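Quick notes on the structure that follows.
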Amino acid sequence: MDGFNEQVVKRVNKPKNLIIKIISILLLLLVPTLCISLAYVITPYLIYIGFFAFLIGIYVVWYVFTSQKVEFEYSVLGSELTVSKIIALRKRKVLCKVKINEIEKLGKGEKTINGMRFSKTYIAAADIDKEAENYYATFNSPAYGKCLLIFNPDENTLQGMKKHLSHDLLIKLFYRKDA
């Protein structure tokens with residue numbers, strides 16, 4: 001049996017994540033306050049509804065906050081690379097499974113894929129904005145056709161992939177020669 005390499009990469013939080021958290025807190029405070037305020041005009045039972053909305057809102061805000069914690073797991077087992085998305089350590093979804101010998105292009109930086117079109121893109125990078133640190137892998141999927149995988153493998157993961165890569169990719173990636 002071939003070796004097993006595994007790597008976990010945490011996604012960097014963006015301003016979008018902060019905005020989602022702020023809006024969830026504002027809604028947590030606004031909805032019960034609105035119900036309690038309307039209780040004086042419509043019916044006193046709205047105070048109870050506001051109280052229960054606040055209790056349910058606490059759970060919803062906790063769920064939103066923890067759902068913002070996303071990790072990607074890259075595992076190389078034999079000749080297969082599996083990329084999984086882990087959300088808040090409670091939900092795991094396999095993004096893609098790739099036979100390493102079927103990878104057509106693999107390189108660092110966006111220049112690897114300039115001018116190419118893909119039917120499916122898998123983003124499993126810690127920070128998609130740091131193009132110089134991301135590796136771009138292209139492969140053909142039986143279900144989707146030409147696909148792109150953007151990820152941040154460390155040296156151990158690359159070494160696990162090394163013996164299964166094509167000769168041209170191996171020379172270009174590890175020995176810095178243009179093949």
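The values are calculated or read from the model by the stated rules, or taken from the named source; none is laboratory data. None of the values given here were measured: they were computed from a predicted structure. Don't worry about glycine lacking a Cβ; one is built from the backbone with ideal geometry, like all the others, and counts go over all protein chains shown. To get the accessible areas, we keep the full protein, side chains included, count just its heavy atoms, and leave off ligands, DNA and RNA. Shrake-Rupley method; radii C 1.70, N 1.55, O 1.52, S 1.80 Å.
Taking region 6-70 on its own, what percent of its Cα-Cα pair distances exceed 18 Å? Considering region 6-70, 49 percent of its Cα-Cα pairs are separated by more than 18 Å.
For residue 10, project a label point 7 Å along Cα to C-beta. Then give me every residue of region 90-133 with its amide nitrogen under 20 Å of that point. Output list for this probe position: 90-93, 124-130, 133. Using the Karplus relation 6.51 cos²θ - 1.76 cosθ + 1.60 with θ = phi - 60°, the per-residue 3J(HN,Hα) values for region 103-108 come to 6, 7, 9, 8, x, 9 Hz, with x marking Gly and Pro. Over 26 Å apart at the Cα level, from the set 93/130; 14/111; 10/93; 21/111; 16/99; 16/146, are 21/111; 16/99; 16/146. Have a look at 155, 71, 131 and tell me which one the Gaussian network model of the chain (Cα, springs below 10 Å) gives the largest fluctuation. Of 155, 71, 131, the most mobile in the Gaussian network model is 155. Counting only DSSP H runs of at least 4 residues, each contributing -39500 (n - 2.57), and dividing by the residue count of the chain, the helix-based mean residue ellipticity at 222 nm comes to -11500 deg cm²/dmol. The trypsin sites (Lys or Arg not before Pro) found in region 4-104 that occupy coil by DSSP, while having at most 14 further C-beta atoms within 10 Å, are 90. Computed in the context of the full set of protein chains, the accessible area of region 27-89 at 1.4 Å probe radius has 78% of its extent on carbon or sulfur.
If exposed chymotrypsin sites (Phe, Trp or Tyr not before Pro) are those in a DSSP loop with at most 16 other Cβ within 10 Å, what is the longest stretch of the chain that has none? The answer is 46-117. Quick one: check the C-alpha center-to-center distance for region 38-72 versus region 16-35, whole angstrom. Their Cα centres are 9 Å away from one another. Per residue, the accessible area of the chain comes to 63 Å² when a 1.4 Å probe rolls over the protein heavy atoms. Across all Cα pairs in the chain, the calculated P(r) in 5 Å bins from zero up to the longest distance comes to 1, 8, 13, 15, 14, 11, 7, 6, 6, 5, 5, 4, 2, 1, 1, 0 percent per bin. A dipole drawn for the chain from +1 and -1 charges on Cβ atoms has a positive end, and of 55, 150, 164 the residue lying farthest that way is 55.
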